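Working notes, structure below.
The values are calculated or read from the model by the stated rules, or taken from the named source; none is laboratory data. These numbers come from a predicted model, not from an experiment. Because the Cβ atoms are built from the backbone with ideal geometry, glycine has one as well, and the counts that use them run over all protein chains shown. Note: accessible area is taken over every heavy atom of the protein model, side chains too, but ligands, DNA and RNA are not part of it. Shrake-Rupley method; radii C 1.70, N 1.55, O 1.52, S 1.80 Å.
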Amino acid sequence: MSKNVLGELIGILGKENVLTEKEDLINYSYDATADMPSRMPEVVVTPSTKEQIIDIVKLASKNKVSIVTRGSGTNLSGGTIPVNGGIVLSMLRFDKIVEVDPANLTATVQPGLVIQRLNESVAEHGLIYPPDPGTVATATMGGSVSECSGGLRGLKYGVTKDYIMGLEVVMPDGEVIRTGGKTVKNVSGYDLTKLFTGAEGTLGIITEIIVKLIPAPKYRRSMLAVFDDLDKAGKTIADIISNKVIPATLEIMDNVTIRTVENYSRIGLPVDAEAVLVIEVDGSIEEVVLREFETVKAICAENGAVSTKIAESDTERDAIFAARRAALPALAQVKPTTVLEDATVPRSKIPDMLKALKGIAEKYNLQIGTFGHAGDGNLHPTILTDESNTDEMERVHKAVDEIFDVAIKLGGTLSGEHGIGMAKSKYMELEFGKTGVGVMMKIKEALDPDNIMNPGKIFRRDAL
Ligand SMILES: Cc1cc2nc3c(=O)[nH]c(=O)nc-3n(C[C@H](O)[C@H](O)[C@H](O)COP(=O)(O)OP(=O)(O)OC[C@H]3O[C@@H](n4cnc5c(N)ncnc54)[C@H](O)[C@@H]3O)c2cc1C
C-alpha cells in the first residue's frame, strides 16, 4: 500500500484510528478458525461514522486496495483473514442500538453491536431476537448477518436470515444502498436483503441492520437425555421431529465431547454415556409446552434413554445449556489444533451422518468429537489434532474431504451456519456445480469488479 493511501486514511480517521504497528496488526492476521494460514494486514482502521466508511471505500476502490470488514473475528471459516494484506476495517465502534420499535416488532442496530446486548435491551418489551450462536456474548450483529449464523434455537426459530428485514450497505464503489425495511411484506424487486445476508463481507460493508423481533416464549421445559448408544440418540432426534414436536433446542454431544466437557468444567455429565441430548421445548401456552415435553420424554424412553435429567429451575436449565456451550472451548483444550466442521444434512439423515462420522474417525485413525444442532441436521464434527504433525494433518484433510462428500451425498450442504470463507471454498462446486458457482461469481464481479471486498472468500482465491 502506498504512503499516499496511508496518509489519506490518517486524514479521514485521525492517526489514533489507523494502526500500522506490527504488534497491533498481528491481532487481525487470524480469526477463530484453525488450520488456516495467517496473513498480516497492512493497516487496521477503526471508523466511527458512515461517512468515514464511504471515504475509506472510495479511497480503496480508486487504489484497488482490498478491505476485510471485521466484527469480533469469531467466525469459523477463515472469513476475516486478510489474504491480500490491505485494509482490515473494524466495525467495533458501530455498537449502538438505533431504535427498538415494539409497535412494529423491529429493532434497528449498528453492525458492531454484540448480539446479547440486543436481547438484553428488548427483554424489557417482552421480546427476543432468536438467533443464538454459541458466541452470543462476543459476536457482532454485522458478523452474524454476514455469516448468516444459526445457533441453539435454529430448529424452531430459524437462523439469522429469517430475522433480517432490511440493511444499509456501503457498496464497493462507495455508494450507499438501503434494502428491505420495516414492512412485514416486501416483494419489490430482487431480494437484496437476502443477498447481503450471508455474503461474508464480499459484496459491501453493512452499516445498519433492521431485525425482526418476536414475543418471548412464556414457558419452557428443558432436559438432558442420556444414551448408551449413538444410533439410539440419532433415532430419538428423528422420532421427535417426525412426531411433529419442534423443540426450540435439540442438541447432541457424543462421548468424546461429553468426556472433554466434563474434564473441562466438572458439571456432572455422565462420562460413560455414548451420547447426550439437550432438549428444550418452549411456547406461550403452558399446557401445550407440558404436553410436548411429555411426548419428548416418552420418545427418549422408547428409544432406550438410560436416564433423563429434567431442569427444575432456571439455574439447572442454565447449567445444562452451559455444558453444551462449553463443547467447542473444551474440545479446543485437548490438542493444539481443533478442526471444526459444519456439514449439515436433512434431519432425517442424522443417524446416517453420525454413523458415517464414526466410520471416518476409524478409517483415518483420528479423534473426532461430534456435537451440534442435531435437530436441524447441523452437526459439528470436530477433529482434535496437531498442525505440526504433518502425517496426521494429511489424514485430517482426507477426512474433511470425505465428511463433505458424505454430507452432499446425503442431500446436505457444506455449511449450516459458519459460512464458506477460505475454509470451504474448494468444495463449492461439489454443492453447486460449475454453473451454480459461475452464477454467484457473476454477481460478485458485477458488484465488485476489482475484487476489493474480502477477496479469497467463498470462491477459490485463483478463481476471480
Ligand atoms: C466457540 C464458538 C462457538 C460458535 N458457535 C456458533 C454457533 O452456535 N452458531 C453459529 O452460527 N456460529 C457459531 N460460531 C461462529 C461465529 O461466532 C459466528 O460466525 C459469528 O456470527 C461471527 O461474528 P463476528 O462478529 O465474530 O464476525 P467476524 O468473524 O468478525 O466476521 C465474520 C464475517 O462477516 C464479515 N463482516 C463482519 N462485519 C461485517 C459488516 N459490517 N459488513 C459486511 N461484512 C461483515 C467478515 O468480513 C467475515 O466474512 C462460533 C464460534 C466460536 C469461536
_Among the residues of the stretch 96-110, are any buried (at least 24 other Cβ atoms within 10 Å of the Cβ), within 30 Å of Val44 (Cβ to Cβ), of a type outside the set (D, E, K, R) and near the ligand (Cβ under 9 Å from one of its atoms)?_
no
*If we scan the stretch 286-308, do we find a residue that is in a helix (DSSP H, G or I), of a type outside the set (Gly, Ala, Ser) and farther than 26 Å from Pro130 by Cβ?*
yes
*Which numbered condition Ala399 misses (of (1) out of contact with any Phe, Trp or Tyr (no Cβ under 7 Å at 6 or more places or on another chain); (2) at pLDDT 95 or above; (3) crowded, with 20+ Cβ neighbours inside 10 Å)*: (1)
_Pick from the stretch 137-167, criterion more than 13 Å from the ligand (Cβ to nearest atom) and touching a Gly at 6+ places or on another chain (Cβ under 6 Å), ranking: least open to solvent (accessible area, probe 1.4 Å)_ = Gly166
*Within the stretch 168-224, how many residues are in a strand (DSSP E or B), more than 22 Å from Gly112 (Cβ to Cβ) and either among the polar types (S, T, N, Q) or within 13 Å of the ligand (Cβ to nearest atom) (or both)?*
1
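Residues are listed down the side, and each one gets a yes or a no for (1) open to solvent by 20 Å² or more (accessible area, probe 1.4 Å); (2) part of a loop (DSSP other than H, G, I, E, B); (3) closer than 19 Å to Lys355 by Cα:
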| residue | (1), (2), (3) |
| --- | --- |
| Gly234 | no, no, yes |
| Pro247 | no, yes, no |
| Glu262 | yes, no, no |
| Ile267 | yes, yes, no |
| Val271 | yes, yes, no |
*Which residues, counting only those in the stretch 168-198, are more than 16 Å from Gly143 (Cα to Cα) and crowded, with 21+ Cβ neighbours inside 10 Å?*
Pro172, Thr179
*Out of all the residues in the stretch 373-383, is one or more under 22 Å from the mean Cα position of the chain (by Cα), buried (at least 16 other Cβ atoms within 10 Å of the Cβ) and over 27 Å from Asp31 (Cα atoms)?*
yes
*asked:* Among (1) at pLDDT 95 or above; (2) within 16 Å of the ligand (Cβ to nearest atom), there is one condition Val281 misses while meeting the rest; what is its number?
replied: (2)
*Give, as residue ranges, the helices (runs of 4 or more DSSP H) completely inside the stretch 1-84 that count at least 3 residues that are without any contact (Cβ under 8 Å) to a residue 12 or more places away in the chain.*
3-13
*Say we look at the stretch 325-339 and pick out the residues that are open to solvent by 20 Å² or more (accessible area, probe 1.4 Å) and of a type outside the set (S, T, N, Q); which of these is nearest to the ligand (Cβ to nearest atom)?*
Leu328
*Quick one: is Ile279 open to solvent by less than 50 Å² (accessible area, probe 1.4 Å) and not polar (S, T, N, Q)?*
yes
*Failed condition for Pro381, given (1) farther than 30 Å from Ser61 by Cα; (2) in contact with a helix residue (DSSP H, G or I) (Cβ under 6 Å, 6 or more places away or on another chain); (3) in contact (Cβ under 8 Å) with a residue 60 or more places away in the chain, with all others met?*
(3)
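Listed here are the residues, each with its yes/no results for (1) at pLDDT below 95; (2) of a type in the set (Gly, Ala, Ser); (3) within 14 Å of the ligand (Cβ to nearest atom); (4) surrounded by 19 or more Cβ atoms within 10 Å (Cβ to Cβ).
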residue	(1), (2), (3), (4)
Thr20	no, no, no, no
Ile26	no, no, no, no
Tyr30	no, no, yes, no
Val43	no, no, no, yes
Glu51	no, no, no, no
Leu59	no, no, no, yes
Lys64	no, no, no, no
Thr69	no, no, yes, yes
*From Val339, Val334, which residue is closer than 16 Å to Asp35 by Cα and more than 22 Å from the chain's Cα centre (by Cα)?*
Val334
